[in-house]
Each structure stands twice: as structure tokens, then as C-alpha cells.
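Each remark here refers to the structure printed beneath this line.
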Amino acid sequence: MPLLRSWVDSANAPDHPFPLNNLPCGVFSTEGEDPRCGVAIGDHVLDVSALEEEGLLPLPGAPYLDVPFWNDLMEAGPEVWAALRARLTVLLTEGAKDRAKVAPHLVPLAQVELHLPFLVSEYTDFYAGQNHAFNVGSMFRGPENALPPNWLHIPIGYNGRASSVVVSGTPVRRPWGQVKGPDHVVPAFQPSRRFDIELEMGAIVGTPSQGPVTVAEADAMIFGYVLLNDWSARDIQGWEYQPLGPFQSKATATTISPWIVTRAALAPFRTSTPAREVPLLPHLQEPGPMLYDIALEVGLTPEAGVETIIARTTYAEMYYSAAQALAHHTSSGCPMNTGDLLGSGTISGPTKDSRGSLLELSWGGKEPIAITGGTRSFIEDGDTLTLRGKAQGDGYTIGFGTCTGTLLPALKDPYSRT
Ligand code: MN
């Protein structure tokens, strides 16, 4: 599909992240006004709550949009999602007859504050990237035993904390936690010294489910995708994770990009997961291409410094798609809700410069990487970490907005009440 031309001129630039082909969903506010649903088009946010109020978005079951979250619309299901997309495409296409009615509801992106685009009902994080699992397993268990015996058969996951999910731009405070002590007997409680990122994609469940769903059904339940940084305290994780998996090491914060890029916008970029090393059981097999070719990068900017791109990779590296992870998630009968967020797991490519965490990039801190003006093993106070993603179309680009956060120093005393 080529670029769909819009009367919003800025949306027609081939490298602009928000062309008419994209129409990502966010929540924005302007000075003195409450947060509400908006859709990015070029350098603007289209106030879709105002369009709905004026009768320009007649959707079955409406209203959905004069609220600070997309959950109501997501729960309405794929037919309503498609109707919204079709109607917005008509309203914003070059030569649209209703241009004069729509134009007053464009707000420059530079004038808005962006909020979490949906209410996160629950958050599950997976470990579905093979290069990452192999690298981490090699560091901890050696390359012969890198992948646990279940890894090629199920997308391994753990239940995270919805309450810790924050929107891009929110500062993150270096956590305190319990770590293995220097004598390996008595642990210590101290600020994390191995604070890290995880480059991930997040899939957002639109329609809820009861009971097990197939991979095809799971794919149809997904409303869209965001960039996701699963901040991780490696020293806390190393002490706490056995035998139930990560807990406090992953509970400080998880940052997501402010725009939900819909499954419809990503459809031209569908690709199959890599060839299986061993066949999956039938209920987890992929009935068609359900992964996406999305180019990803991570930038690290020291306080008062310049940015270095420390990793470049693609979402197409994942061994399991979000649809497979979601199908597995429901296989026990676990109900899924509108607003469930599923992290993919760290996305690492096969090469050194395509690793999606500092743990891998610096090989556990043994091989610090070079950045402009210094080196890094793990994140230092004041560093800003920024994830970016784009799918390259025929004369257009689908972007997500940035997923960024700055690390604040640990509190002197985390229990101080003053
Ligand atoms: Mn993770």
C-alpha cells in the first residue's frame, strides 16, 4: 500500500511517523482542559472526542472518546475499530469534503501533554526473544545450557504490575533493593548498581476473552502495539528470581510510548516468526504471519551529553509473536481483559550491536560499551534512555513516538518521611 495523502500537509512527508496510513491512538491534554482521546496526524493531534461530540464520528455504540483512555473503544471490538479507521481516513484524505469541519479540531503536537493512552488492567511480561534468552542463559549457565528446557515449547512469562506502567517522559527513580551480599551469606539492602533497560514491544488486548483462545483468535483480540521499556534491576533480580521469577527487580517502572499503533496500521508489515527449531504443539502453532517487521533502536544520552545509539534491531527477531504469547496465556482458561498489556520480552538481534539490554551489550558489565564521552556497563544517574521504532512502507513510515525516561538518583533514605 502506498502513502495515503492527507490534506494535513505535514503527514505526507515520507519519513513522518504519523501519516494517514498510521492514525495512532493517544490521550492528550491542552492547558486548562481535561485529558481526552486523540489521534496523531502529521504534526497534529486530532481531537476525536470533539469530532464524536459534533456527530462527525457516528460509530455504533458510541460515545467512546470523551474519556482519558481508549478502553471503551477497544472493548467495542474489531468492527468498531475498523469503522473508526475508515471514517477518519475519509475525513482526513486529501480533498475531503468535511475538511472545514475537521480542521478546527487539529491541535499542534507541540502544544499538548500526552498521557497513558489506556487504563492498564494487567501487565504480563514474556521472554520470547531467542537471542536475548540465549545471551542471558549463556552468562548465567553457560552456552550449553543457555535455553531452559521449556523455552522452545512455550513463551515463558511472568505476571508483572499494571500499577508500575508509566507513559514516555516520566522520570524513573533508581530503586533500592535486596542484593546478594559481598560475603554471599548476609544480603545487603542498597540502591541498585546494575540498573538496566529492556527493549520490548507491548501488545494491548482490545477484546476480552474467557477460556482458551487459538492463536488466530488471539491475534484478532489485539488492538495495537506500543514500544515498551521494561526497566530492570539486574542485581536485585539475580538474588530474588529463583524459583518464582522476577519480582521487585521489575516493579519500579515500565515505560510505554504514548501512541497505540493499531494492528490495522501494521498489517502491511506482517511477517512470520523464524523457522522452528523444534515443532510447537498444535495449539501454539502460528496459522499465518503474526509478527511485524519494525525497526527498533535504543539511544543513551548522559546528563548534559549527546546521544549515542547503543543498539539497533527489529521486532521480526522474536521467536514467538504476541498472538502466540496471548494464546499461551489463555491456555489454562485465564481470562483476559480489555487493557491487558503483554510485553514481548527483550528484543535482541544476533550481533553485538543489536542487543536490547545493557546486560547483554556489556556482557554482564565485563565489556563496557563506548558511548560519546565515556563508557557504560549499566545506566548511570541522569542518563536518558530512548526507544524508537518504525515500520518502513512504500513512501511512508509508521512511527510510535518515542519511549523515553531519565534515571533519577536513588533517594538517600528510601524510608525517610520528611
Ligand atoms: Mn522484560
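Descriptive notes on the structure:
- Given (1) of a type outside the set (A, V, I, L, M, F, W, C); (2) within 16 Å of the ligand (Cβ to nearest atom); (3) out of contact with any Gly (no Cβ under 6 Å at 6 or more places or on another chain), number of the condition T124 does not satisfy: (3)
- The set of residues from the range 303-315 being crowded, with 19+ Cβ neighbours inside 10 Å and not polar (S, T, N, Q) comprises I310, A311, Y315.
- Condition met for G399 (touching a helix residue (DSSP H, G or I) at 6+ places or on another chain (Cβ under 9 Å) and assigned by TED's automatic domain parsing to the domain that holds I222): no
- Filtering the range 222-240 to residues that are open to solvent by 10 Å² or more (accessible area, probe 1.4 Å) and either aliphatic (A, V, I, L, M) or within 12 Å of the ligand (Cβ to nearest atom) (or both) leaves R234, Q237.
- Meets criteria (crowded, with 22+ Cβ neighbours inside 10 Å, assigned to a strand (DSSP E or B) and either touching a helix residue (DSSP H, G or I) at 6+ places or on another chain (Cβ under 9 Å) or acidic (D, E) (or both)) for L359: no
- Any chance V27 is open to solvent by less than 50 Å² (accessible area, probe 1.4 Å) and either outside the structural domain of W231 (by TED's automatic domain parsing) or at pLDDT below 95 (or both): yes
Conditions (1) within 14 Å of the ligand (Cβ to nearest atom); (2) in contact with a strand residue (DSSP E or B) (Cβ under 7 Å, 6 or more places away or on another chain); (3) over 23 Å from L73 (Cα atoms), marked per residue:
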| site | (1), (2), (3) |
| --- | --- |
| M318 | yes, yes, yes |
| A322 | yes, yes, no |
| T330 | no, yes, no |
| N337 | no, yes, no |
| T351 | no, no, yes |
| L358 | yes, yes, yes |
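- Every residue from the range 253-287 that is in a loop (DSSP other than H, G, I, E, B), in contact with a strand residue (DSSP E or B) (Cβ under 7 Å, 6 or more places away or on another chain) and open to solvent by less than 50 Å² (accessible area, probe 1.4 Å): A253, S257, P258, W259, T273
- Any pair with Cβ under 6 angstrom, 6 or more apart, that starts in the range 118-144 at a residue that is surrounded by 22 or more Cβ atoms within 10 Å (Cβ to Cβ) and ends at one that is among the acidic types (D, E): D125/D230; N135/E360
Condition check ((1) within 20 Å of V120 (Cβ to Cβ); (2) open to solvent by 10 Å² or more (accessible area, probe 1.4 Å); (3) touching a Lys or Arg at 6+ places or on another chain (Cβ under 8 Å); (4) of a type in the set (A, V, I, L, M, F, W, C)) across all residues:
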{"position": "C37", "(1), (2), (3), (4)": "yes, no, no, yes"}
{"position": "G42", "(1), (2), (3), (4)": "no, no, no, no"}
{"position": "P60", "(1), (2), (3), (4)": "no, yes, no, no"}
{"position": "W70", "(1), (2), (3), (4)": "yes, no, no, yes"}
{"position": "A76", "(1), (2), (3), (4)": "yes, yes, no, yes"}
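- Residue list for the range 204-224, restricted to those being touching a strand residue (DSSP E or B) at 6+ places or on another chain (Cβ under 9 Å) and over 15 Å from P78 (Cβ atoms): Q210
- For the range 126-164, the set of residues classified as basic (K, R) and either at positive phi or not in a loop (DSSP other than H, G, I, E, B) (or both) consists of R141 only.
- In the range 223-243, the residues that are under 19 Å from A311 (Cβ atoms) form Cβ pairs under 6 Å with partners that are of a type in the set (F, W, Y) and away from the ligand (no atom under 15 Å from the Cβ), at six or more places apart or across chains, as follows: L227/F400.
- Options S49, S6, S10; residue that is of a type outside the set (V, I, T), crowded, with 18+ Cβ neighbours inside 10 Å, closer than 24 Å to P268 by Cβ and at pLDDT 95 or above: S6
- Residue check, H153 touching a residue at least 40 places away in the same chain (Cβ under 8 Å) and either closer than 30 Å to H328 by Cα or exposed (fewer than 14 other Cβ atoms within 10 Å of the Cβ) (or both): yes
- From P212, P191, P171, residue being away from the ligand (no atom under 14 Å from the Cβ) and touching a Phe, Trp or Tyr at 6+ places or on another chain (Cβ under 8 Å): P191
- Filtering the range 177-220 to residues that are closer than 15 Å to S232 by Cβ and open to solvent by 20 Å² or more (accessible area, probe 1.4 Å) leaves P191, R193, R194.
The values are calculated or read from the model by the stated rules, or taken from the named source; none is laboratory data. A quick note: this is a predicted structure, and the numbers were derived from the prediction, not measured. Every residue, glycine as well, gets a Cβ built from its backbone with ideal geometry; the counts of neighbours run over all protein chains shown. For accessibility, only protein heavy atoms count, side chains too; no ligands or nucleic acids. Shrake-Rupley method; radii C 1.70, N 1.55, O 1.52, S 1.80 Å.
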